[in-house]
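Data first, discussion second: the structure below is written as structure tokens.
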Amino acid sequence: MARGNHFSINEFAEFSRTTRETLRHYDRIGLLRPESRGENNYRYYSTAQLAVVNVIRTFQESGMTLDEIKRNNDIRLPEQTEEAFSHQVEKIDAIIEKWIQARKLLYTLQKVIRSAMNVNEEEITVQFMPAEAIILGGLNDYSRGRNDYDALFSFYQYMHEKFPDLDMNYPVWGVFSQERIKQGDWVWPDRYYFYNPEGYDKKPAGQYVVGYMRGGYGHGDALYRRILDYIDKNGFEICGDAYEEYPLNEICITEENNYLIRVMIMVREKGSVARSV
């Protein structure tokens with residue numbers, strides 16, 4: 001039981017949300033000694049030491065070693081302690097930012113997967129889609145024998161150099177210009193893009209013809225032909241880019257030839273004026 005303003009090691013462990021073993025270890029290394037010893041060498045701690053053990057635990061959780069904590073505790077000057085606090089706050093802020101970015105990534109991936117679950121893969125539909133924030137790369141260079149893998153590598157390299165802090169863990173997909181779609185050329189994309197909540201570009205709002213099929217990367221030829229046939233037979237015309245995505249890919253599908261391909265082509269009714277946001 002507590003003696004006056006002192007707590008037994010069991011009570012102190014409970015109130016400080018730690019364990020007897022941890023407190024004994026702190027005592028052995030001289031980090032936090034009990035304020036007094038009672039009969040039978042029992043350890044007793046003061047209420048003031050609750051704040052100390054809370055700081056120790058907070059420092060540990062933010063990455064400071066026990067040796068570093070002990071050095072700070074041995075000096076115990078206001079300036080030294082304040083500096084240590086400032087350093088740890090910076091580390092905590094960095095950790096928080098990392099988790100915020102991780103949450104954004106997982107939310108985006110979750111949203112993409114949900115958008116493709118339970119879709120009718122045989123059906124072609126016309127949908128109005130709101131604008132969405134994306135990161136859009138420059139025009140791909142396929143000269144001098146370069147292929148789509150070369151272009152994708154250049155995309156990552158460019159993004160890394162221009163935006164070194166940008167999270168590049170988002171899945172990357174392709175944009176095809178309406179001119180190339182009309183020409184039946186949809187093998188290698190004009191540009192690459194990925195969704196990002198803080199994206200400085202936008203996939204424009206508008207009316208899209210949307211279709212799905214199963215297949216591997218770059219094997220959506222049959223889907224494009226189905227969509228173009230639908231556009232022609234239903235009084236539409238292409239008025240914007242095509243966006244090719246793989247919402248169900250290696251993240252959640254084991255067989256590459258069973259990925260779900262989604263193609264969205266911006267359209268308008270023939271004779272109308274296209275509007276996009």
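Can you pull the accessible area of residue 248 for me, 1.4 Å probe, Å² to the nearest 10?
20
What accessible area, in Å² to the nearest ten, does a 1.4 Å probe give for residue 87?
About 100 Å², rounded to the nearest 10.
Multiplying the sequence separation of residue 77 and residue 156 by 0.36 nm and subtracting their Cα-Cα distance, what value in nm do you get?
23.6 nm
Could you tell me which of rounded, prolate or oblate describes region 152-277, using a ≥ b ≥ c as the square roots of the eigenvalues of the alpha-carbon gyration tensor, with rounded for a/c under 1.5 and, failing that, prolate when a/b is larger than b/c and oblate otherwise?
Cα axes put region 152-277 in the oblate bin.
Grab the other residues whose beta carbon is less than 14 angstrom from that of residue 233, score K and R as +1, D and E as -1, and report the net.
-1
With a cut-off of 8 Å between alpha carbons and a minimum separation of six or more residues, what is the relative contact order of region 169-277 in percent?
33
Quick check: the distance between the Cα centres of region 83-155 and region 237-269, to the nearest angstrom?
15
Using a Förster radius of 45 Å, what is the FRET efficiency between residue 35 and residue 103 based on their Cβ-Cβ separation? Nearest 0.05, please.
The pair residue 35/residue 103 has a calculated efficiency of 0.60.
Which value, in Å² and to the nearest 10, is the accessible area of residue 165 when all protein chains are kept and the probe is 1.4 Å?
Surface accessible to solvent at residue 165 totals approximately 150 Å².
Under unit Cβ charges (Lys, Arg +1; Asp, Glu -1), what dipole magnitude, rounded to 20 debye, does region 1-145 have relative to its Cα centre?
Dipole about the Cα centre, nearest 20: 560 debye.
At 222 nm, what helix-only mean residue ellipticity would the chain give, in deg cm²/dmol to the nearest 500, using -39500 (n - 2.57) for each DSSP H run of four or more?
Result for the chain, helices only: -13000 deg cm²/dmol.
Given the options 44, 200, 217, state which has the largest fluctuation in a GNM of the chain using a 10 Å cut-off (strictly under) for Cα springs.
Checking each option, the largest mean-square fluctuation is seen for 44.
How would region 47-109 be classified by its alpha-carbon gyration tensor: rounded, prolate or oblate, with rounded meaning a/c under 1.5 and the a/b versus b/c comparison settling the rest?
Cα axes put region 47-109 in the prolate bin.
Considering only protein heavy atoms, what per residue accessible area in square angstrom results for region 107-186 with a 1.4 angstrom probe?
Roughly 62 Å² per residue, with all protein chains present.
List, in the order given, every pair from 98/203; 104/270; 104/182 whose Cα-Cα distance in the structure shown is over 31 Å.
104/270; 104/182
Positive end of the charge dipole of the chain (Lys, Arg +1 and Asp, Glu -1 on Cβ, about the Cα centre): tell me which of 159, 73, 170 has its Cα farthest that way.
73
Along the charge dipole of the chain, Cβ charges K/R +1 and D/E -1, which of 42, 194, 60 sits furthest on the positive end?
Farthest along the dipole direction, towards plus: 42.
Where nothing but the Cβ of Lys and Arg (+1) and of Asp and Glu (-1) is charged, how large is the charge dipole of the chain around its Cα centre, in debye to the nearest 20?
For the chain, the charge dipole is close to 660 debye.
Rounded to a whole number, what % of the accessible area of the chain do carbon and sulfur atoms account for, probe 1.4 Å?
Of all accessible area on the chain, carbon and sulfur atoms account for 52 percent.
Provide 188, 99, 173 ordered by accessible surface of protein heavy atoms (probe 1.4 Å), highest first.
Sorted by accessible area, descending: 99, 188, 173.
The values are calculated or read from the model by the stated rules, or taken from the named source; none is laboratory data. Remember, predicted model here, so these are calculated numbers, not experimental data. Because the Cβ atoms are built from the backbone with ideal geometry, glycine has one as well, and the counts that use them run over all protein chains shown. For the accessible areas, the whole protein counts, side chains as well, though only heavy atoms, and no ligand, DNA or RNA atoms are used. Shrake-Rupley method; radii C 1.70, N 1.55, O 1.52, S 1.80 Å.
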